[in-house]
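J.: Got a structure here, written out as structure tokens. Questions coming.
What follows draws every value from the coordinates through simple rules; no lab data is involved. Just so it is clear, the model here is predicted, and its values are computed rather than measured. Here the Cβ is made from the backbone with ideal geometry for all residues, glycine too, and neighbour counts use every protein chain on show.
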Number of protein chains: 4
Amino acid sequence: MKLRLAMIGGGQGAFIGAIHRLAAALDGLYELTAGAFSSDAEKSRATGVLLGLPTDRVYSTYQELIAQEKQRPAAERVQVIAIVTPNYLHFEPARQALENGFHVILDKPMTFSLAEARQLQQIAAASGKKLLLTHTYTGYPMVKEARQLVASGALGALRKVYVEYPQGWLSSFAEGTDNKQAAWRTDPARSGVAGAMGDIGTHAFNLLEYVSGLQVAKLCADINIVVAGRQLDDDGAVLLKLSNGASAVLTATQIAAGEENNVRIRVYGEKGGLEWQQVDANTLQVKWLDKPVEIWRAGTGYVGSYARHNTRTPAGHPEGYLEAFANLYRNFALSLQAELSGQTASPEALDYPGLEEGVRGMAFIENVIASGQSDKKWTDFTV
Amino acid sequence: MKLRLAMIGGGQGAFIGAIHRLAAALDGLYELTAGAFSSDAEKSRATGVLLGLPTDRVYSTYQELIAQEKQRPAAERVQVIAIVTPNYLHFEPARQALENGFHVILDKPMTFSLAEARQLQQIAAASGKKLLLTHTYTGYPMVKEARQLVASGALGALRKVYVEYPQGWLSSFAEGTDNKQAAWRTDPARSGVAGAMGDIGTHAFNLLEYVSGLQVAKLCADINIVVAGRQLDDDGAVLLKLSNGASAVLTATQIAAGEENNVRIRVYGEKGGLEWQQVDANTLQVKWLDKPVEIWRAGTGYVGSYARHNTRTPAGHPEGYLEAFANLYRNFALSLQAELSGQTASPEALDYPGLEEGVRGMAFIENVIASGQSDKKWTDFTV
Amino acid sequence: MKLRLAMIGGGQGAFIGAIHRLAAALDGLYELTAGAFSSDAEKSRATGVLLGLPTDRVYSTYQELIAQEKQRPAAERVQVIAIVTPNYLHFEPARQALENGFHVILDKPMTFSLAEARQLQQIAAASGKKLLLTHTYTGYPMVKEARQLVASGALGALRKVYVEYPQGWLSSFAEGTDNKQAAWRTDPARSGVAGAMGDIGTHAFNLLEYVSGLQVAKLCADINIVVAGRQLDDDGAVLLKLSNGASAVLTATQIAAGEENNVRIRVYGEKGGLEWQQVDANTLQVKWLDKPVEIWRAGTGYVGSYARHNTRTPAGHPEGYLEAFANLYRNFALSLQAELSGQTASPEALDYPGLEEGVRGMAFIENVIASGQSDKKWTDFTV
Amino acid sequence: MKLRLAMIGGGQGAFIGAIHRLAAALDGLYELTAGAFSSDAEKSRATGVLLGLPTDRVYSTYQELIAQEKQRPAAERVQVIAIVTPNYLHFEPARQALENGFHVILDKPMTFSLAEARQLQQIAAASGKKLLLTHTYTGYPMVKEARQLVASGALGALRKVYVEYPQGWLSSFAEGTDNKQAAWRTDPARSGVAGAMGDIGTHAFNLLEYVSGLQVAKLCADINIVVAGRQLDDDGAVLLKLSNGASAVLTATQIAAGEENNVRIRVYGEKGGLEWQQVDANTLQVKWLDKPVEIWRAGTGYVGSYARHNTRTPAGHPEGYLEAFANLYRNFALSLQAELSGQTASPEALDYPGLEEGVRGMAFIENVIASGQSDKKWTDFTV
């Protein structure tokens, strides 16, 4: 049985709402059943029509959605609520959803502030409901392979990590145009204390901790507002110390003119290294001392259980961003279905980002911005 | 409203059936409503359960499916039937589906023989129903961009085309193992007169004619059975003359050990050239005399209407094989919906492979195999 | 002691003469000592001045050069003569050089006709002098690695070879401008019976036979003159049968607008495959059934003796075309020095293209042009 | 006339001495005439024999070389002395060479300490002799193209620079083996205050300032000794502020297991960006807002005067590390020859790294190590 899904946010013109819908649809594990797609009731209704929803499942506000869905019979009411609003509108819908018995899918970063994130973590724990945080990049099969390979010890102890996330789309003052994406992401009232660091720096941070299996312990950040008039950071670079003593460098920028979205991570241990980048997402480069670099590919027979579980096609049929996103939805669904049927989900299905990653991501935002403002070189990473 | 879809074939263990289902699901334009997934009634039923279909919509044979769905009320009965069986089981289900008022989605190559293909073309014309043939590669946005750029005349008259499709998965006698894919694809009784040329050579052929906007006029083929004991060709190379006098080379092989599935096309005109390959599917290389090569990317603002229409995400979010496949399903659905609502579909939506491509593909198979067996150098391409 | 080198041809404005001089200089094994750089005495003299040669070692004709150098004392006279003239001026200077006791370095293709090539082979044998034919591409370390790997049997018996040489520089009627390179290369009186097939097709042919260790047994060619007004072929594609029964495809074109010079070879055996291309010359891709592709790199510790011998720098310091060319000069010098000192040169030093390759290259030219003009499908490769 | 060249250092087993000799030989502008190849007189002699030098031009010490060459007649004595010893042996030979009337070619980094560098700058100025510092990477044609393009303003004001130099060869305690390269480079007594930062960090720094046309104004460094027992840094990452207010990130490491030597720089301005990496040295990626990335290639007709001047072959004939190195030698020779003949060298010939770059490189070393040891976040870059 498909899981009944509601969506908060994601009206026409939004970017990430459409992505969530595609991701939810791909594997046929969810049925989009209800929505409050916009704070503008008319817009919400129009989106619902477009998506073919019955009018009584399209709501004017998220409060209404939660309240009314809760009233419906169990066999009919939505089970999962996806929240795809700007950051300042994450906490409250998520809180209400959890407290009213719904599982939650939440776009990153988890909340507007670290304090909210910690609070949400407690609320979720108390509710017994699950939360998926959509850090897309850790949904890629070859990112999972990277993590599994590092965890296997094949590379020896890790010594160095480079992670980068270059974009160019905020090279000019886009928030001064009718670019809605630019508008809210550069607005402290809607985005939070960080711009680029919250929007894409958190992805890089999550990728780093996921692949390395290590945690950031200290950081030293150079945080910049490059474009005149902008209110939040659009560029940054961070030196990091990891929990095992290794060092790392994280860069994230939205003013690298001509760059699209090429997230990249490189990890080096005593015996070898790994490199993955989104532009060639089905490949993991595995590097060794004194041996040829190996090109590990998704869909092959030699990859590990996590990569295999998160691939739908044989080698040579490229899967991309939507499939990575869909992997998050799929694993969340498999975990919930296992729970519903009283079974234990596989470790592969349970491997999706959630509350812990969300809290650490918010901690990253606050720590990195604080470090950027500080004259002190090293700041302890505190949660 | 979603289009109600039935599937013939695609039981557990099949490859392409699952791909069709993912492609149908992605954009939420189809609802898988019924199926006859296997000639083994029990297997068909089991697949139906797995897919969450009501038991009365899961049939033991395709005949039963067509007959019983036809009985259902219009508002309930399936509208489109996807046929994903081996080649020898294409014609008859397709014929019955069309003649009984269903639109058809058919996996390539269209039929078992050219004669069947020509017949099906007439049947379809008489039925007034539509047929989509799933030549995946022409569903990629940057392949569409390539076609649009060639058609614009920007490259001048075309002079040379290279198209290649290397695979390695039949390097050993896989049909002697329990590999079901290998078994039917190398079996003349199920595959037809060609092996590799039918399975992947037709894709290369379709790509060539689609991108160039030209037709093959003559050919000279070297067709080989490389692996001992195999009954059908597993390797071939073809010299071609195109309708404008240009020449081309087409290679397709399944014994290139270590190759995955890297379809590639290069086209050269008087003023410049194009290169596209599946392994880097979101990129089209555009080459010019005396100017830098340009890297055109899917999802950007500068691509044409066809590429734009067939992309779901902004530049830098790789889309892959499933999205290309889904583009076929999506365009077919948009075309059918336009028809249902009495509107005219856009040229971009109408741009999907169908009967004409199917007949030419079958002609390719028969011509190329005949040429391979002939001592004559050039064979006219006859349909 | 450096070998004393004379050059015939290579006056100002020539392309390949300068390349030969750079290649001769790199390793300090030759001293350019004399020259007849042009049939125009004044131009020859001017080039000599530019190169810092004493005036009495700069000659007006190659006949003069050979005659006068022969008169000089052994310790002073040149030992090797490099002939870098257009094809029609290869045989006679080479003949005279060999017959008068000089070793010869000859640019490819060896002669104007196959008959001349066979004659030169006999003359050389009778003279006891050595001949180097400068097929650059087999001088690359990773091409040598490819050959060594194939010869080792690691890939199993070879089944398929693809070799291609695309250029775009003759896309327009360049011979109608002041482009001297285009003028002679498209002129039957100076180039011979072939244009592109002689100029670059022979390189592709040599690469194919060198790497595979096999010989071409049959061929079927499509040879075209694409640019209006041109007298010799500027494009071609060839189906081939090799001595072990494997098949191959060779393409060479000079009208692929936007292409530079990206020679590429792919070889597939029962167990794996290889791919090398000039644009990434320090890399050899090694492909396996069911294992990751390996990126073998020049200058590493794991490559074989031939690659190692032909590399000057550690891994990561790219070597290119001039180094490959210099490898030919270097190996020829090492072989001659071994001979002079009564020692045996290493197999690696002796591995340079010579008379045998030259005769086969001329046979390729004549066979491929004949096949292009024939209605017969397969032509036996005759020497 | 060739310039007469002597070499100090570069005996058998040395790495960089051989590179210098190849670079000097390639263009035929230098004649290696004398040498003091080792502090071990016997080794020096043996190297001289191998190189074919007359015994009276092979010296036991550099002092002897300088003293005795000075005694020779002007027409015979060496004109340029290349010093290719470890860092601690740069200053004194260079000082003596300059003060005794010889031009100097010096391997980087310029000296053992910044104080020495400043002193050498004064000595050189007083001597009227020239000094070439062999920062190889700025000898690449497409690096010069990058600088010229930035200087043209085509990218607008620069905003961000990333430069990286990853190596893996010191991943283990190589200085504990018989690896002489590792031994001196990790030894404070021979290398100076820095290991990786001096060896390769200075290259990255030079590349950054050369391409950007900007100077480093402040830095914040994380400098690490990763391999147990090592005495000098083998890894580091640096946040930088440039003279125009832009920010940058520089990383250099020798413990990135599996990496060869892939220096890479990316530069972003208001309107576009550039990317160059040594592994694909003949390519410069030029990126624009809202236009396709362009692949600019060495040897083409559209590159600028600096790239053209520093290329020997047409597009598609890859040139590499040795050619880049040779460009330094060639430009130095052309500049000296112009001076000797009373002419003005072209700006392209005069574009080679020298004293200014050497002093700034030594300042980088001392500043970056100081910053690494400091708790202060930002250190002013002082010279």
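J.: Mind checking the dipole of chain C: about its Cα centre, +1 per Lys or Arg Cβ, -1 per Asp or Glu Cβ, Debye to the nearest 20?
T.: Here the size comes out at about 680 debye.
J.: With axes computed from alpha carbons, what is the tilt in degrees of helix A:355-373 against the longest principal axis of chain A, rounded to the nearest 10 within 0 to 90?
T.: 60
J.: How large is log10 I(q)/I(0) at q = 0.14 Å⁻¹ when the Debye formula is applied to the Cα atoms of segment D:208-247, each weighted equally and without solvent?
T.: -0.43
J.: ³J(HN,Hα) across segment B:81-96 via Karplus (A = 6.51, B = -1.76, C = 1.60, θ = phi - 60°), whole Hz, x for Gly/Pro?
T.: For segment B:81-96, the Karplus-derived couplings read 10, 9, 10, 10, 8, x, 3, 5, 10, 8, 4, 5, x, 5, 4, 5 Hz, x marking Gly and Pro.
J.: If neighbour count is taken as other Cβ atoms inside 10 Å, put B:ARG185, D:ARG72 in order from fewest to most.
T.: D:ARG72, B:ARG185
J.: Here is a follow-up. Per-residue HN-Hα couplings for segment A:130-138, Karplus 6.51 cos²θ - 1.76 cosθ + 1.60 at θ = phi - 60°, whole Hz, x for Gly and Pro?
T.: For segment A:130-138, the Karplus-derived couplings read 9, 9, 10, 10, 7, 7, 3, 5, 7 Hz, x marking Gly and Pro.
J.: For segment D:317-326, just list the computed ³J(HN,Hα) in residue order, Karplus coefficients 6.51, -1.76 and 1.60, θ = phi - 60°, integers in Hz, with x standing in for Gly and Pro.
T.: 10, x, 9, x, 4, 5, 5, 5, 4, 5
J.: Ranking B:TRP169, C:TRP276, D:TRP378 by Cβ neighbours within 10 Å, fewest first, what do you get?
T.: In order of increasing Cβ crowding within 10 Å: D:TRP378, B:TRP169, C:TRP276.
J.: Among the chymotrypsin sites (Phe, Trp or Tyr not before Pro) in segment B:73-118, which ones are in a DSSP loop with at most 13 other Cβ atoms within 10 Å of the Cβ? Mind listing them?
T.: Sites meeting the loop and neighbour criteria: none at all.
J.: Of C:PRO318, C:PRO109, C:PRO292, which is the most mobile in a GNM of chain C whose springs link Cα atoms less than 10 angstrom apart?
T.: C:PRO292
J.: Let me ask something else about it. Would you please give the residues with an amide H less than 5 Å from that of D:GLU31, counting only those at least 5 places away or on a separate chain, with H modeled from the backbone geometry?
T.: Here D:LEU3, D:ARG4, D:LEU5 satisfy the definition.
J.: Something else about it: Determine, from the Cβ-Cβ distance of A:ALA228 and C:GLN71 and an R0 of 60 Å, the FRET efficiency 1/(1 + (r/R0)^6), rounded to the nearest 0.05.
T.: According to the calculation, E is roughly 0.15.
J.: Consider just the alpha-carbon atoms of segment D:3-133 and return their Rg together with their Dmax, both in angstrom.
T.: Every Cα atom of segment D:3-133 included, Rg and Dmax give 13.5, 38 Å.
J.: So, one more: Determine the shape class of the protein assembly as shown: with a ≥ b ≥ c the square roots of the Cα gyration tensor eigenvalues, call it rounded for a/c under 1.5, and otherwise prolate if a/b is greater than b/c, oblate otherwise. Before the final figure, lay out the partial values.
T.: Working: a/c = 2.31, a/b = 1.30, b/c = 1.78.
Verdict is oblate for the protein assembly as shown.
J.: Please report the antiparallel percentage of DSSP beta bridges with both residues in the protein assembly as shown, rounded to the nearest 5. Write down the numbers at each step before the final one.
T.: Working: 156 of 256 bridges.
Given both bridge residues lie in the protein assembly as shown, the antiparallel proportion sits at roughly 60 percent.
J.: Checking a compactness column here: for chain B, what do you get for Rg(Cα) / (2.2 N^0.38 Å), N being the number of residues?
T.: My calculation over the Cα atoms of chain B gives 0.97.
J.: Using a simple spin-label model with points 7 Å from Cα along the Cα→Cβ vector, what separation in nm is obtained for D:VAL383 and D:ALA189?
T.: 3.3
J.: Tally Lys and Arg at +1 and Asp and Glu at -1 over the other residues with C-beta under 14 Å from the C-beta of A:SER39: what net charge comes out?
T.: Its environment carries a net charge of 0.
J.: Moving on. Of the beta bridges DSSP finds with both residues in chain D, what % are antiparallel, to the nearest 5?
T.: In chain D, approximately 60 percent of DSSP beta bridges are antiparallel ones.
J.: Taking the rotation that carries D onto C, look along its axis and tell me which residue of D has the beta carbon nearest to it, distance in whole angstrom.
T.: Per the D/C rotation axis, the closest residue of D reads D:GLY320, 2.
J.: Could you give the distance between the Cα centres of segment B:355-383 and segment C:306-326, to the whole Å?
T.: Using only Cα atoms, the two centres lie 47 Å from each other.
J.: Further question on the same structure: Test of understanding: ordering C:ARG4, D:ARG330 by Cβ neighbours within 10 Å, fewest first, what list do you get?
T.: Ordered from fewest to most neighbouring Cβ atoms within 10 Å, C:ARG4, D:ARG330 come out as C:ARG4, D:ARG330.
J.: Something else: Measuring label to label, 7 Å along Cα→Cβ, what does A:MET1 give against each other copy in nm, shortest first?
T.: 2.7, 9.7, 9.8
J.: In terms of the Cα gyration tensor, with a ≥ b ≥ c the square roots of its eigenvalues, is segment D:251-338 rounded because a/c is under 1.5, prolate because a/b exceeds b/c, or oblate?
T.: oblate
J.: Once the Cβ-Cβ distance between A:ALA154 and A:THR344 is put in as r, and R0 is 30 Å, what FRET efficiency do you end up with, to the nearest 0.05?
T.: 0.60
J.: Could you give, in nm with one decimal, how far C:PRO188 is from each other copy of that position, shortest first, with labels 7 Å out from Cα toward Cβ?
T.: When each copy's label point is compared with this one, the spacings are 4.6, 7.9, 8.2 nm.
J.: Could I ask something else about it? When the Cα centres of segment D:22-100 and segment C:175-235 are compared, how far apart do they sit, in Å?
T.: Between the Cα centres of segment D:22-100 and segment C:175-235 lies a distance of 49 Å.
J.: Then there's this: Quick one: angle between helix A:141-151 and the longest Cα principal axis of chain A, in degrees between 0 and 90, rounded to 10, please.
T.: For helix A:141-151, the angle is close to 50 degrees.
J.: Per DSSP H run of n ≥ 4, the term is -39500 (n - 2.57); total these for chain D, divide by its residue number, and report the mean residue ellipticity at 222 nm rounded to 500 deg cm²/dmol.
T.: -10500 deg cm²/dmol
J.: Taking the convex hull of the Cα atoms, report for segment A:324-378 its projected area averaged over all directions, in nm².
T.: Convex hull of Cα atoms, orientation-averaged projection: 5.2 nm².
J.: Provide an ascending nm list, one decimal, of label-point separations from A:VAL279 to the equivalent residue in each further copy; define each label point as 7 Å from Cα along Cα→Cβ.
T.: 1.2, 1.4, 1.6
J.: Let's see if you can work this out: charge +1 on each Lys and Arg Cβ, -1 on each Asp and Glu Cβ, no other charges. What is the dipole magnitude of the protein assembly as shown about its Cα centre, in debye to the nearest 20?
T.: 0
J.: Once the convex hull of the alpha carbons of segment C:138-292 is built, what does its volume come to per residue, in cubic angstrom?
T.: 114
J.: Would you look at the GNM of chain D, springs on alpha carbons closer than 10 Å, and say which of D:ILE200, D:ILE123, D:ILE83 moves the most?
T.: Highest fluctuation of the listed residues: D:ILE123.
J.: Mind pulling the angle between the C-alpha long axis of helix C:114-127 and the longest principal axis of chain C? Nearest 10 degrees, somewhere in 0 to 90.
T.: 60
J.: Rounded, prolate or oblate: which one fits segment C:276-383, using the alpha carbon gyration tensor with axes a ≥ b ≥ c (rounded when a/c is under 1.5, else prolate when a/b beats b/c, else oblate)?
T.: Oblate is the answer for segment C:276-383, as a/c is 1.5 or above yet b/c matches or exceeds a/b.
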